[in-house]
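Chemist: Next up is a structure, given as structure tokens.
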Amino acid sequence: MPDRAVPPTIPITDPDDPRIATYRHVREPDLVYRAGQFVAEGEVVLRILLTASRHGAESLLIADRRLAALAPLLARVPEAVPVYAADQKVLVSTDTRNWSSGDTKN
């Protein structure tokens with residue numbers, strides 16, 4: 001699949017923004033059991049999800065400081081998948097996870 005332009009990102013400045021509600025206080029077992037979903041965290045896992053996985057991403061929540069570094073990978077995100085970008089303060093306030101690179105909810 002050839003790379004295309006990086007999809008537009010949707011800036012998130014408020015941790016209570018309803019568009020990222022599914023990222024707040026995520027409990028992995030709840031996602032897997034109730035919704036058949038999982039969280040893919042980090043660049044390596046994001047790369048596998050976008051290039052070699054049988055699963056698709058529903059949305060991505062990316063640290064805004066990582067957007068440039070992840071641009072080649074983000075170019076593989078299907079157009080229908082929203083890519084949210086937030087600063088570290090917003091990311092940390094959504095959860096106790098270490099939102100360090102390219103985190104996504106699938």
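Chemist: Taking residue 63 as the residue in question, decide whether it is more than 10 Å from the chain's Cα centre (by Cα) and more than 14 Å from residue 17 (Cα to Cα). Break it down stepwise before answering.
Modeler: On the way: more than 10 Å from the chain's Cα centre (by Cα): no; more than 14 Å from residue 17 (Cα to Cα): yes.
It is false that residue 63 is more than 10 Å from the chain's Cα centre (by Cα) and more than 14 Å from residue 17 (Cα to Cα).
Chemist: Being exposed (fewer than 14 other Cβ atoms within 10 Å of the Cβ), at pLDDT below 80 and in a helix (DSSP H, G or I) is the filter here; which residues of segment 27-51 pass it?
Modeler: Correct list: 28, 29, 30, 32, 33, 34, 35.
Chemist: Here's another thing I want to ask about it. What number of residues within segment 83-103 are within 19 Å of residue 6 (Cβ to Cβ) and either of a type outside the set (D, E, K, R) or modelled with pLDDT under 90 (or both)?
Modeler: Residues of segment 83-103 that are within 19 Å of residue 6 (Cβ to Cβ), as a first pass: 83-87, 101-103.
Filter once more, keeping what is either of a type outside the set (D, E, K, R) or modelled with pLDDT under 90 (or both): 83-86, 101-103.
Total meeting the criteria: 7.
Chemist: Only one of these conditions is not met by residue 64: (1) modelled with pLDDT of 90 or more; (2) closer than 13 Å to residue 6 by Cα. Which number is it?
Modeler: Unmet for residue 64, out of (1) modelled with pLDDT of 90 or more; (2) closer than 13 Å to residue 6 by Cα: (2).
Chemist: What's the total number of residues in segment 1-26 that are at pLDDT 75 or above and under 15 Å from residue 68 (Cα atoms)? Give the steps one after another, and end with the answer.
Modeler: Taking segment 1-26 and keeping what is at pLDDT 75 or above, we get 7-24.
Among the residues that remain, those that are also under 15 Å from residue 68 (Cα atoms) are: 7-11.
So the answer is 5.
The values are calculated or read from the model by the stated rules, or taken from the named source; none is laboratory data. Model, not experiment: these values are computed from the prediction. Using ideal geometry, Cβ is built from the backbone for each residue, glycine included, and neighbour counts are taken over all protein chains shown.
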